[in-house]
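Notes follow once the structure below has been shown.
The values are calculated or read from the model by the stated rules, or taken from the named source; none is laboratory data. No experiment lies behind these values; they were computed from the predicted model shown. Positions of Cβ are backbone-derived with ideal geometry, glycine not excepted, and every protein chain shown enters the neighbour counts. Only protein heavy atoms, including side chains, enter the accessible area calculation; ligands, DNA and RNA are left aside. Shrake-Rupley method; radii C 1.70, N 1.55, O 1.52, S 1.80 Å.
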Amino acid sequence: MSNEVIRFNDQQVSGMTSLQIAEVTGRQHSHVIRDIRNLIERGASESNFGLSSYKQRQPNGGTKDVPMYELTPKGCLILASGYNVVLREKIIDKLEEYQQQERTSMTAIPDFSNPAEAARAWAEQYEQKMLEAKRADAAEQQVYALSQEIESMQPKVSYYDTILNNRSTVLTTQIALDYGMSAKAFNKKLFELRIQHKVGDQWILYAPYLPMGYMHSKPVEITHNNGTKSIKYNSEWTQKGRLFLYDELKKKNILPLIEQ
């Protein structure tokens, strides 16, 4: 697996392709592609994720173009921030390996039978080595600096992943706990933000949000002391609604505990 040379800050530095990320981490390439697209959809700069393609051999002969991404070192680390510690370490180790290869790469030995040509070749070689050293140092500093940011980036990714990996509806009480609030205080805050209002005993979204699929009403059967039964409706949030709340509350600098 050879490293890819990618333009970054007007310099050529070693990055990785999504195929290489998949090989290093043991993840399916389609999953790495999905992870990158999720990052871009959430606001990550596309300049760190260049869309490209490669030729994939087909069982019946021939090839077809399959999408892949070319990542800058920064792109590699942004992607790594969403993975667990073991996978992050594998990606960082591979980046450092590529930088070491740049430092130790040798150009052809000049022909000593022609002293003038040899001197010129050595001068060019020296200039090339100095340039490569600067590039490698810049890339190494970048990897180090960005790797230090990974831990601070991780809580946000973890909270998103927690939501995205959960397909069931959740009660307001459960979301309130994420923010260190009681359900009563959380409902009051959403009311103040004009997200929901109370109808009878049930909290209902304001009209603009009703068709968005943020909340469901779940019927619950109640048995009274006299033996009669009735139906009460509880409001439950979908994961789409949970992400909506996250974005709206963040605008007001209200963050879940793991991001505080």
The stretch 55-67, residues that are open to solvent by 50 Å² or more (accessible area, probe 1.4 Å) and part of a strand (DSSP E or B): Lys55, Gln56, Arg57, Thr63, Lys64, Asp65, Pro67
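Taking the stretch 8-29 as the search range and keeping residues that are over 21 Å from the mean Cα position of the chain (by Cα) and assigned to a strand (DSSP E or B), which one is modelled with the highest pLDDT? Break it down stepwise before answering.
Residues of the stretch 8-29 that are over 21 Å from the mean Cα position of the chain (by Cα), as a first pass: 9-13.
Retained after the next criterion (residues that are assigned to a strand (DSSP E or B)): 11-13.
Numbers: Gln11: 42, Gln12: 44, Val13: 47.
Within the stretch 8-29, the match that is modelled with the highest pLDDT is Val13.
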Tell me yes or no: at least one residue of the stretch 28-41 is surrounded by 18 or more Cβ atoms within 10 Å (Cβ to Cβ), closer than 22 Å to Glu97 by Cα and touching a residue at least 12 places away in the same chain (Cβ under 8 Å). yes
Pairs, please: C-beta under 7 Å, at least 6 apart or cross-chain, first residue under 19 Å from Ile175 (Cα atoms) and aromatic (Phe, Trp, Tyr) and in the stretch 187-213, second at pLDDT 85 or above and part of a helix (DSSP H, G or I)? Trp203/Asn187
Which residues, taken from the stretch 244-260, are closer than 18 Å to Phe191 by Cα, open to solvent by 40 Å² or more (accessible area, probe 1.4 Å) and touching a residue at least 24 places away in the same chain (Cβ under 8 Å)? Glu248, Lys252, Leu255
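Let me confirm something: among Met181, Met212, which residue is surrounded by 10 or more Cβ atoms within 10 Å (Cβ to Cβ) and either over 30 Å from Ser81 (Cβ atoms) or modelled with pLDDT of 90 or more (or both)? Steps first, please.
On the way: Met212 fails: either over 30 Å from Ser81 (Cβ atoms) or modelled with pLDDT of 90 or more (or both).
Exactly one residue qualifies, and that residue is Met181.
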